[in-house]
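The values are calculated or read from the model by the stated rules, or taken from the named source; none is laboratory data. Note that the coordinates shown come from a computational prediction; the quantities given were computed from them, not determined experimentally. Don't worry about glycine lacking a Cβ; one is built from the backbone with ideal geometry, like all the others, and counts go over all protein chains shown.
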DNA sequence: TTCCAGGGGTAGA
DNA sequence: TCTACCCATGGA
């Protein structure tokens with residue numbers, strides 16, 4: 001076992017990032033609400049799965065425990081630290097969003113909570129699969145699909161690593177349909193896995209943040225199974241917040257909160273959040289999280305394991 | 001039973 | 001670009 005510590009930005013709140021959206025409920029993330037510890041099967045510099053346990057012993061510091069025999073190499077340490085930075089978006093600049101929150105009473109608690117970053121998967125591949133599993137199903141059902149896909153990954157200490165594209169491609173459509181119960185999503189994910197395996201698709205430019213807004217959106221939409229709502233959602237995760245991802249959850253929230261029980265049009269929703277400019281997606285997201293799921297004082301009624 | 005969830009692909013206009 | 005229609009699954 002090896003322990004590492006990391007400093008976090010002043011505007012970073014560990015719980016707020018874990019609870020930023022539903023990823024913490026999806027393997028290979030495992031959240032222990034009692035111990036406030038996020039467990040994740042990551043991969044070291046050579047691709048070997050490693051169980052990481054991340055917690056925040058005090059604000060400003062993360063403690064990362066890697067369950068490995070012997071010592072980690074310097075390369076492994078760099079890789080795992082880099083994964084943690086990616087998963088918790090430690091390098092994301094959100095000061096502008098917090099400034100905006102302080103100018104709006106209903107968002108004033110967001111900076112206090114250290115919210116504004118999202119829990120991320122270490123790879124875009126994993127996030128694409130999870131997002132496709134989340135289309136046209138209740139979230140609790142998506143979590144079950146994702147959990148069954150995760151079980152196709154290599155077992156490690158009672159957990160599973162996220163399966164590689166090669167492993168999914170080898171498992172085949174039949175396995176995704178019959179065993180993982182993905183239904184019509186199965187061929188989309190097989191096609192994605194196969195194109196990554198044979199190199200006809202390269203997610204590198206997305207991973208490295210090389211694409212600007214419109215090109216990034218185009219890249220997501222090019223993946224079969226990813227439509228406008230999912231592409232916009234992935235954009236938000238990738239740090240482009242000037243566009244809402246309008247799905248059924250958005251309608252459900254704004255209908256009661258802003259339109260007196262009437263279901264608004266998409267254009268009306270756009271208009272409502274337009275004043276928040278480049279941060280509009282975060283302004284919506286964290287308003288909804290706080291009102292619907294976090295509770296007024298922080299995280300009193302965060303659901304576990306599946307929010308409806 | 002019927003509806004529909006954190007939609008998307010496709011064909012046809 | 002917009003609109004029907006279809007697509008698995010499973011909870012409500």
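Checked across segment A:191-212, the condition of being out of contact with any strand residue (DSSP E or B) (no Cβ under 8 Å at 6 or more places or on another chain), exposed (fewer than 14 other Cβ atoms within 10 Å of the Cβ), at pLDDT below 95 and under 29 Å from residue A:109 (Cα atoms) holds for no residue. Residues in segment A:280-294 that are more than 18 Å from the chain's Cα centre (by Cα) and closer than 16 Å to residue A:105 by Cβ: A:291 only.
Let's see how each residue does on (1) within 16 Å of DNA strand B (Cβ to nearest atom); (2) surrounded by fewer than 20 Cβ atoms within 10 Å (Cβ to Cβ); (3) assigned to a loop (DSSP other than H, G, I, E, B):
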{"site": "A:20", "(1), (2), (3)": "yes, no, yes"}
{"site": "A:31", "(1), (2), (3)": "yes, no, no"}
{"site": "A:34", "(1), (2), (3)": "no, yes, yes"}
{"site": "A:41", "(1), (2), (3)": "no, no, no"}
{"site": "A:52", "(1), (2), (3)": "no, no, no"}
{"site": "A:55", "(1), (2), (3)": "no, yes, no"}
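Check whether at least one residue in segment A:67-80 is out of contact with any strand residue (DSSP E or B) (no Cβ under 7 Å at 6 or more places or on another chain), buried (at least 16 other Cβ atoms within 10 Å of the Cβ) and not in a loop (DSSP other than H, G, I, E, B), and report yes or no. Yes, segment A:67-80 contains at least one residue that is out of contact with any strand residue (DSSP E or B) (no Cβ under 7 Å at 6 or more places or on another chain), buried (at least 16 other Cβ atoms within 10 Å of the Cβ) and not in a loop (DSSP other than H, G, I, E, B). Checking the conditions here, which among A:268, A:191 is within 16 Å of DNA strand C (Cβ to nearest atom), within 26 Å of residue A:99 (Cα to Cα) and out of contact with any helix residue (DSSP H, G or I) (no Cβ under 6 Å at 6 or more places or on another chain)? Answer to the selection: A:268. Of all positions in segment A:103-119, at least one carries a residue that is within 16 Å of DNA strand B (Cβ to nearest atom) and within 30 Å of residue A:197 (Cβ to Cβ).
For segment A:101-153, the set of residues classified as part of a loop (DSSP other than H, G, I, E, B) and either touching a strand residue (DSSP E or B) at 6+ places or on another chain (Cβ under 8 Å) or closer than 30 Å to residue A:48 by Cβ (or both) consists of A:117, A:118, A:119, A:120, A:121, A:122, A:123, A:134, A:151, A:152, A:153, listed by residue number.
Mind checking which residues of segment A:239-270 are within 16 Å of the chain's Cα centre (by Cα), more than 13 Å from DNA strand B (Cβ to nearest atom) and either on the phi < 0 side of the Ramachandran plot or modelled with pLDDT under 95 (or both)? The answer is A:240, A:241. Which residue, of A:166, A:157, is under 15 Å from residue A:126 (Cα atoms) and not assigned by TED's automatic domain parsing to the domain that holds residue A:49? Result of the check over A:166, A:157: A:166.
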